[in-house]
Amino acid sequence: MRQQCAIGIIIVGDEILSGKRQDRHLAHVIDVLRARGLHVAWCRYLGDDLSQLTDALRQSQLGDLPVVCFGGIGATPDDCTRQAAAKAFGSPLVLNAEAVALIESQFGPGAYPYRVRMAELPEDCLLIPNPYNRIPGFTLYDHHFLPGFPEMAWPMLDWVLNTYYPSQTTWMHERSLRVFGIAESQLLPLMEQLSARHGKVKLFSLPRLGEVISIEMGFRGESESVETAFAELLDALRTLGLTVQSAA
């Protein structure tokens, strides 16, 4: 597995897109990754559609980031993430003997005829242990597939992070300020100059509307580079005679 500071997220489920359930994964993942020096690079919400999921997983392989996928690995007809992963990675679904043993040990005769279907996994996968009910998730290269239930998925996510991404050499750092009395568009030339000079960090600008209009501006990235870019931003804004304060 590659050492990364960012991870892509796919969250699967018609029930989320229809509003029957509210997603809880993204906020949790953001918090968990932040504590580990990681961050979410992107997130996609997808329905339980085999073609759509297959295309999304093929596309995500073209990137250079690990991906965590939540949902759709059950045995009901609307669950098709296992099948999509097999198609996207060119790894046929097979009955995984280790997964069968885990499901049998948990459910005994009740594993058949339906629960055991969740042991039909891509041939090249590695298992992700599930401490809740022992029905495993799976890893295909740098893609990790977890159930949709937070009670199962979140401990499994911790295991994935501890196993494959246990430490990071570069921790994400952020510095920001609020600037008053100027429109965001008037600061575009300054933003472009700073972005060009400080390519190792990412500049962000977040206008805030209300009785007092302001812009939160800052940088994210490696600590020393962020501090250098932030100091230059602060000097430039003060040179323009603008009022600034630390962002809350």
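The values are calculated or read from the model by the stated rules, or taken from the named source; none is laboratory data. None of the values given here were measured: they were computed from a predicted structure. Positions of Cβ are generated from backbone atoms using ideal geometry, with glycine treated the same way; all protein chains shown enter the neighbour counts. SASA here: full protein model, heavy atoms, side chains in, ligands and nucleic acids out. Shrake-Rupley method; radii C 1.70, N 1.55, O 1.52, S 1.80 Å.
Observations, loosely collected:
- Ranking Met152, Met172 from most to least accessible surface, computed with a 1.4 Å probe over the protein chains only, gives Met172, Met152.
- Leu240/Gln22 FRET efficiency (R0 35 Å; Cβ-Cβ; nearest 0.05): 0.25
- Averaged per residue, the stretch 145-248 has 57 square angstrom of accessible surface, using a 1.4 angstrom probe with ligands and nucleic acids left out.
- Based on Cα atoms of the stretch 142-248, Rg over Rh with Rh as the Kirkwood radius reads 1.15.
- Scanning residues 5 or more positions from Cys43 or on other chains, those with amide H under 5 Å from its amide H are Ile9, with H placed 1.01 Å from N in the peptide plane.
- Cα centroid separation - the stretch 188-248 against the stretch 110-181, whole Å: 35
- Residue of Asn130, Asn162, Asn96 that the Gaussian network model of the chain assigns the largest fluctuation, springs spanning Cα pairs under 10 Å: Asn162
- Scattering curve values for the stretch 176-216, log₁₀ I(q)/I(0), Debye with Cα scatterers, q = 0.15, 0.29, 0.32, 0.34 Å⁻¹: -0.38, -1.06, -1.17, -1.23
- Neighbour count of at most 13 Cβ within 10 Å plus DSSP loop: longest trypsin sites (Lys or Arg not before Pro)-free window in the chain: 22-199
- Kirkwood analysis of the stretch 104-183, using all unique Cα-Cα pairs, places the hydrodynamic radius at 15.6 Å.
- Area of Cys5 that stays accessible when all protein chains are in place (1.4 Å probe, Å², to 10): 40
- In this label model, Glu184 and Phe149 are separated by 4.2 nm, measuring between points 7 Å along each Cα→Cβ vector.
- Classification of the stretch 1-64 by its C-alpha gyration tensor yields an oblate form. The axis ratio a/c (a ≥ b ≥ c) is 1.5 or more, and b/c is at least a/b.
- Note on the stretch 66-201: the C-alpha convex hull projects to 12.7 nm² when averaged across all orientations.
- For Leu17, the solvent-accessible surface computed with a 1.4 Å probe is close to 100 Å², ligands and nucleic acids excluded.
- Cα long-axis angle, helix 25-35 against the chain (0 to 90 degrees, to the nearest 10): 60
- Relative contact order (%) - the chain, alpha-carbon pairs under 8 angstrom, separation at least six: 17
- List Trp159, Trp154, ordered by accessible area with a 1.4 Å probe, largest first: Trp159, Trp154
- Whole-percent pair-distance distribution, where bins are 5 Å wide, for the alpha carbons of the stretch 1-153: 2, 9, 19, 22, 21, 15, 8, 2, 0
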